[in-house]
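Structure record follows, encoded as structure tokens.
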Amino acid sequence: MDTARAYGTSEQIVGSVIAKGWDDRLRVITKLSPLADWEPQDQPKGARAAAEASLWASCHALGQTRLDTVLLHRQSHWEAWDGAIACLLREWVEAGRISRLGVSVQSPEELDAALDVTDFNHVQMPYNILDHRWDKILSKLEHVRRERCLTVHIRSVFLQGLLMSDDSRKWNCAGHPNWKKTRKWLNNTAENLGQTGVDALCINSVRGLPWVDGVVVGMDNLEQLRSNISVFSGPSLPVETVTTLRNEKPYLLPKTLDPAQWTKAP
């Protein structure tokens with residue numbers, strides 16, 4: 001289960017499930033608070049205290065004395081505040097209160113920096129069937145995985161739902177007015193490869209990559225849960241097929257692939 005301190009009551013909900021007998025069957029990945037109220041120039045002691053409060057709050061919400069995996073919500077926090085957050089997390093690992101450390105990255109530059117931190121053995125990153133931004137860093141990622149234990153989870157395989165949308169307003173906000181051609185390619189490719197839909201294509205094109213250990217997907221209702229289970233119960237696409245698609249796929253601008261750069265709908 002993937003959650004975070006910033007995800008509203010998510011940790012409490014997961015904690016209530018754990019309390020009903022899932023303690024030995026469920027691994028939880030949570031994220032440190034984004035520490036949005038703390039600026040880089042603020043005192044390290046204050047930032048450390050805020051981060052430690054976040055960790056204890058996660059323990060309380062999840063009903064646990066030990067956290068399975070804790071990710072930094074921001075890669076920059078590892079070096080920020082004179083390394084106060086890094087020092088705190090290392091102390092928790094040494095004390096046995098955290099089993100694994102990692103980071104949620106937003107860009108290839110952040111991934112590059114994260115791969116140099118040997119304390120990290122878990123990385124979560126956004127990636128999808130049309131995402132070309134990571135091509136140059138993947139060789140380094142694969143090299144690091146050969147050198148040490150590093151789990152890689154992929155999120156945003158649907159690009160926040162954009163890849164399955166026929167709403168021209170959403171595509172225009174994302175800076176891709178030629179969206180009909182892209183949607184046609186996705187639909188045709190899904191059909192030609194025997195996928196049940198674009199959602200299955202997006203998931204299965206990532207699942208089979210040799211450097212991917214898991215795919216993070218969400219759901220809003222029971223129907224979506226059943227659909228996700230159905231897709232994950234089937235086979236992923238062969239690597240050779242995914243490699244071929246890489247040379248055929250439509251080109252999306254980097255700003256379209258980064259929701260943080262989208263404009264707001266009028």
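None of 62, 71 is over 24 Å from residue 148 (Cβ atoms), touching a strand residue (DSSP E or B) at 6+ places or on another chain (Cβ under 8 Å) and crowded, with 18+ Cβ neighbours inside 10 Å except 62.
Of the residues contained in region 37-48, one or more are found to be surrounded by fewer than 19 Cβ atoms within 10 Å (Cβ to Cβ) and in contact with a Ser or Thr (Cβ under 9 Å, 6 or more places away or on another chain). Can you pull out every residue in region 108-136 that is within 23 Å of residue 238 (Cβ to Cβ) and among the hydrophobic types (A, V, I, L, M, F, W, C)? Listed by number, the residues that qualify are 125, 129, 130, 134. There is at least one residue in region 21-30 that is of a type outside the set (Ser, Thr, Tyr) and at pLDDT 95 or above. Within the group 35, 67, which residue is within 22 Å of the chain's Cα centre (by Cα) and on the phi > 0 side of the Ramachandran plot? Answer to the check: 35.
Going by what's in this entry, would residue 12 be described as open to solvent by 50 Å² or more (accessible area, probe 1.4 Å) and at pLDDT 95 or above? The answer is yes for residue 12. Condition test on residue 208, is it open to solvent by less than 90 Å² (accessible area, probe 1.4 Å), under 19 Å from residue 131 (Cβ atoms) and at pLDDT below 95? It is true that residue 208 is open to solvent by less than 90 Å² (accessible area, probe 1.4 Å), under 19 Å from residue 131 (Cβ atoms) and at pLDDT below 95.
Each residue in region 14-29 was checked for being over 20 Å from the mean Cα position of the chain (by Cα) and among the aliphatic types (A, V, I, L, M), and 3 pass. Does residue 230 fit the bill of being among the small types (Gly, Ala, Ser), open to solvent by 20 Å² or more (accessible area, probe 1.4 Å) and part of a helix (DSSP H, G or I)? Answer is yes for this residue. Close Cβ contacts (under 8 Å, 6 or more residues apart or on different chains) running from residues in region 155-168 that are among the hydroxyl-bearing types (Ser, Thr, Tyr) to residues that are surrounded by 15 or more Cβ atoms within 10 Å (Cβ to Cβ) and part of a loop (DSSP other than H, G, I, E, B) comprise 156/127; 156/128. Considering only region 50-73, I want to know if a residue exists there that is among the basic types (Lys, Arg) and part of a helix (DSSP H, G or I). The answer is no, given that none of the residues of region 50-73 is among the basic types (Lys, Arg) and part of a helix (DSSP H, G or I).
The values are calculated or read from the model by the stated rules, or taken from the named source; none is laboratory data. In this text the structure is predicted, and so the values were computed from the model without any measurement. Every residue, glycine among them, receives a Cβ derived from its backbone with ideal geometry; neighbour counts consider all protein chains shown. Quick note on the areas: whole protein, heavy atoms, side chains included, nothing else; ligands and nucleic acids left out. Shrake-Rupley method; radii C 1.70, N 1.55, O 1.52, S 1.80 Å.
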